[in-house]
1. So which of G59, G64 ends up being in contact (Cβ under 8 Å) with a residue 40 or more places away in the chain, of a type outside the set (A, V, I, L, M), within 17 Å of L21 (Cβ to Cβ) and not in a helix (DSSP H, G or I)?
2. Filter the helices (runs of 4 or more DSSP H) completely within region 72-143 down to those with at least 3 residues that are surrounded by 14 or more Cβ atoms within 10 Å (Cβ to Cβ).
3. Just checking, how many residues over region 4-27 are over 14 Å from the mean Cα position of the chain (by Cα) and within 16 Å of T70 (Cα to Cα)?
4. For S19, which of the numbered conditions (1) of a type outside the set (V, I, T); (2) out of contact with any strand residue (DSSP E or B) (no Cβ under 6 Å at 6 or more places or on another chain); (3) touching a residue at least 12 places away in the same chain (Cβ under 8 Å) fails to hold?
5. Only one of (1) at pLDDT below 95; (2) closer than 21 Å to I114 by Cβ is not met by H12, so which one is it?
6. Among the residues of region 28-44, is there at least one that is within 13 Å of the chain's Cα centre (by Cα) and in a loop (DSSP other than H, G, I, E, B)?
7. Name the residues in region 76-91 that are under 16 Å from L17 (Cα atoms) and in contact (Cβ under 8 Å) with a residue 24 or more places away in the chain, would you?
Amino acid sequence: MPGKTIALGCDHGGFKLKSVLKEALEKKGYTVLDVGANSGASVDYPDFGHAVAKLIEEGKATRGVIVCGTGIGISLAANRHPAVRAAVCTSGLMARLARAHNDANVLALGGRIIGVETALDCLEEFLNTPFEGGRHAARVEKI
């Protein structure tokens, strides 16, 4: 079920939050392709941003969730891939607008920046908000 497959990755700064998000996704019935990291040991965030992006490029996942300390570094790595539109979000509103207006297909979160409840709110909005298209479609196409 490709529409229900989410690629998930993090570095050491996002490991604890990724674990919570993975559990939430699985409870919602999503298939989670977890590319790591698998502990809080220091690793390089680009490796995990690229791994999630590759799964999206290959069509193995329709969306992704990435987490590092701030969400910024891992999103920069993921956004190097033309098939990816990763958005760093710090609120549910940002996640909703990233989907509705920018057709974001990867949610980037900062494990050291936002709390669990905010992250879960971001995840919920990211999963449940459709792209509005219309005037936004031409803008997204320019990306």
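1. Working: G59 fails: within 17 Å of L21 (Cβ to Cβ).
Just one listed residue meets the conditions, G64.
2. Details: elements: 72-78, 92-102, 116-128, 135-142.
Fully inside region 72-143 and qualifying: 72-78, 92-102, 116-128.
3. 3
4. (3)
5. Condition (1) is where H12 drops out.
6. Among the residues of region 28-44, at least one is within 13 Å of the chain's Cα centre (by Cα) and in a loop (DSSP other than H, G, I, E, B), which makes the answer yes.
7. C89, T90, S91
The values are calculated or read from the model by the stated rules, or taken from the named source; none is laboratory data. Small disclaimer: the values here were computed from a predicted structure and weren't measured. Glycine gets a Cβ as well: all are built from the backbone with ideal geometry, and neighbour counts include every protein chain shown.
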